[in-house]
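This report refers to the structure that appears directly beneath it.
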Amino acid sequence: MFYAMNTRYRVVVSHNKQHPDTYFIDICRDGFCSHDMLFSMQKKYYEDENLERVFNDSRGIMLIESKDGDIHLRYTGHCDIMARRHQEALRKKIDPLIIKTFKNMKDENKLQTISVPLIEINTDLQQVCKNKGYAENAQEEKALKEAEKAERIAYLKKIRHQFYLKQKYADAPHKRLMLSQASRSGD
């Protein structure tokens, strides 16, 4: 019943350590992408590979909008008192920015603030997994399989190309066409 009355959104807040006061806040409706995928989109969209998540907790930040229009932010709670104090200090700065970004997104009738084609993210992920040689999660495992499949297809295309180069009239395809047309026309 709780989930039917509320809409959940995933929130990723990141920044570059060289510019710590500039925050990149992006929101996506839950079910359309994960926090990791949204963070990968941020790196591509803002063209900054040095971005780091401000709240790199296990579940990330969830924004919950009730049918009444109330907005609640849910963070992962910490047992350590120092971590809680640090999180509270950051929340005082970031919570108003998240709510402002969310309201702008809703005014524009969008489901997410940024959108990067997944093919661009997957090619980067494929390259990273290929360099590592192993996968750490299901998404990387899928990207690694896709990279291996693409390598195999490229290898088979190369073999096929070399086979056809050795065939008669491979260097003169117009002669092959001329001969096949002549055989069909009865000459």
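Give the percent of DSSP beta bridges with both residues in the stretch 1-118 that are antiparallel, rounded to the nearest 5.
On the way: 22 of 23 bridges.
The antiparallel fraction comes to roughly 95 percent.
Given the options V128, V11, V54, which has the most mean-square fluctuation in a GNM of the chain, springs set between C-alpha atoms less than 10 angstrom apart?
Comparing V128, V11, V54 in the GNM, the peak value goes to V128.
Determine the share of the stretch 5-82's accessible area contributed by carbon and sulfur atoms, expressed in whole percent, with a 1.4 angstrom probe.
C and S fraction of accessible area: 44 percent.
Within 12 Å, Cβ to Cβ, of L38, how many net charges do the neighbouring residues add up to if Lys/Arg are +1 and Asp/Glu are -1?
Numbers: positive: R10, R29, K43, K44, R53; negative: D26, D30, D36.
My count for the surroundings of L38 gives +2.
With a 1.4 Å probe and every protein chain left in place, work out the accessible area per residue of the chain in Å², rounded to a whole number. List each step's numbers first, then the result.
On the way: 13400 Å² over 187 residues.
Per residue, the chain has 72 Å² of solvent-accessible surface.
Tell me what the chain gives for mean residue ellipticity at 222 nm when only DSSP H runs of n ≥ 4 count, each as -39,500 (n - 2.57), the sum divided by the residue total, rounded to 500 deg cm²/dmol.
On the way: 6 runs with 98 residues, N = 187.
Counting only the DSSP helices, I get -17500 deg cm²/dmol.
With no solvent and one point on each alpha carbon, what is the Debye value of log10 I(q)/I(0) for the chain at q = 0.13, 0.17, 0.18 Å⁻¹?
-0.80, -1.17, -1.25
Taking the Cβ of K67 as the centre, find all other residues whose Cβ is under 14 Å away and add up their charges (Lys, Arg: +1; Asp, Glu: -1).
Details: positive: R8, K106; negative: E65, D68, D70.
Here the count lands on -1.
Could you tell me which of the pairs K17/K103; K100/K130; K110/K130; K103/K142; K106/K132; K44/K142 are separated by over 29 angstrom between their Cα atoms in the structure shown? Numbers along the way, then the final one.
Values: K17/K103 27 Å; K100/K130 39 Å; K110/K130 35 Å; K103/K142 35 Å; K106/K132 40 Å; K44/K142 20 Å.
Among K17/K103; K100/K130; K110/K130; K103/K142; K106/K132; K44/K142, the Cα-Cα distance tops 29 Å for K100/K130; K110/K130; K103/K142; K106/K132.
Compute the acute angle (0 to 90°) between the alpha-carbon long axis of helix 173-185 and the principal axis of greatest extent of the alpha-carbon atoms of the chain; round to the nearest 10°.
60 degrees
Would you be so kind as to identify which of I153, N56, I94 lies farthest towards the positive end of the dipole of the chain, taking Lys and Arg as +1 and Asp and Glu as -1 on Cβ and the Cα centre as origin?
Looking along the dipole axis, the top candidate is I153.
Could you pull out every one of the lysines with an alpha carbon less than 28 Å from that of K166, ignoring same-chain neighbours closer than 8 positions?
K149, K157, K158, K175
The values are calculated or read from the model by the stated rules, or taken from the named source; none is laboratory data. On a predicted model such as this, the values are computed, not experimentally measured, just so you know. Please note: Cβ atoms are built from the backbone with ideal geometry, for glycine as well, and neighbour counts cover all protein chains shown. To get the accessible areas, we keep the full protein, side chains included, count just its heavy atoms, and leave off ligands, DNA and RNA. Shrake-Rupley method; radii C 1.70, N 1.55, O 1.52, S 1.80 Å.
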